[in-house]
Every structure is written in C-alpha cells, then in structure tokens.
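**Q** I'd like to ask some things about the structure below.
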Amino acid sequence: MKLVIAIVHDEDSHKLVDKLTKENFGVTKLASTGGFLKSGNTTLLVGVEKEKTGKVIEIIREVCKVRKEITTAAPMIGESSNYIPIPIEVVVGGATIFVVDIERFEKV
Ligand code: 2BA
C-alpha cells in the first residue's frame, strides 16, 4: 500500500477530486499553504494499492497540466483611484507529488 501526497493548485483541485473519486480512489482534500509564496494550495491524500499508484499519478498529470494564463496586475499610479491594469503571463497548474510506503492500513 502507498500514500500519494499531491500538492496542487486550488483551481485544479475540484476536477482532480472528481476524477479520482470517479475512478474509485479514496481521496482526502486538505487546505494547505505553500511556504515560499505563502498562498493557498490544496493537498490531496490518496491511499492506494501499490500497483495502482501509476494510475493515480497519470490522472494528476492529466488534470494538473502546467499551462500559461494571462492575468492583469494593477499597480497603483499616483492617486489611489488611478489603476492601470497590465496583462502579465503567469504559469499555473502542475503538481508536487510524494509517494510514501504505508506500513499498516486499517479501517476500524
Ligand atoms: P512548486 O515547486 O511547484 O511547488 C508548489 C508547492 O508545492 C509549494 O508552494 C509547496 O506548497 C509544495 N512543495 C514543493 N516542494 C515541496 C517539498 N520539497 N516539500 C513540501 N512541499 C513542497 P510554495 O512553497 O508556495 O512554492 C511555490 C513555487 O515557488 C514553487 O512551485 C517554486 O516554483 C517556487 N519556489 C519555491 N521555493 C522557492 C525558492 N526557495 N526559491 C525560488 N523559488 C521557489
């Protein structure tokens, strides 16, 4: 038995939980915070038989594709009412995945 710990972007988490659940994987979703950016992300715990680990990672890879999006940053210029939105390209998606051995698994 393995525990897949996946840290993903919040915006991918709904779709990922749905997809994993549909494929009959047990999932626990935790709200987490990245140490570097200090912003929210989502940590998923998926306990799974060793031979199904690859399938879980495949689903994560499929849903959490790294992609570029345009967002608008709005720096304040002069008066507080003057905002000039500047389009910037940001990278979103992706996942940080750990797979750890489970010594014992019980449901009581
Ligand atoms: P990623 O490396 O894709 O990491 C995304 C989030 O995954 C991290 O959020 C953290 O919550 C988790 N994570 C990554 N590696 C981990 C590890 N070895 N152990 C436990 N959790 C881990 P943040 O810490 O907020 O980092 C967000 C992004 O900032 C990172 O994306 C990376 O691109 C960048 N970054 C992180 N630390 C950096 C540093 N010291 N210098 C420059 N860039 C950094």
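The values are calculated or read from the model by the stated rules, or taken from the named source; none is laboratory data. Computed from a predicted model, the values in this text were never measured in an experiment. Methodologically, a virtual Cβ is constructed for each residue, glycine included, from the backbone with ideal geometry; neighbour enumeration extends over all protein chains shown.
**Q** Name the residue that is farthest from Val91 (Cα to Cα), counting only residues in the range 1-39 that are within 9 Å of the ligand (Cβ to nearest atom) and not small (Gly, Ala, Ser).
**A** By that ranking, first place goes to Ile5.
**Q** While we're here: What's the total number of residues in the range 24-82 that are touching a Lys or Arg at 6+ places or on another chain (Cβ under 7 Å) and either modelled with pLDDT under 90 or loosely packed, with under 13 Cβ neighbours inside 10 Å (or both)?
**A** 1
**Q** Follow-up. Out of all the residues in the range 1-46, which are over 15 Å from the mean Cα position of the chain (by Cα) and aliphatic (A, V, I, L, M)?
**A** Met1, Leu3
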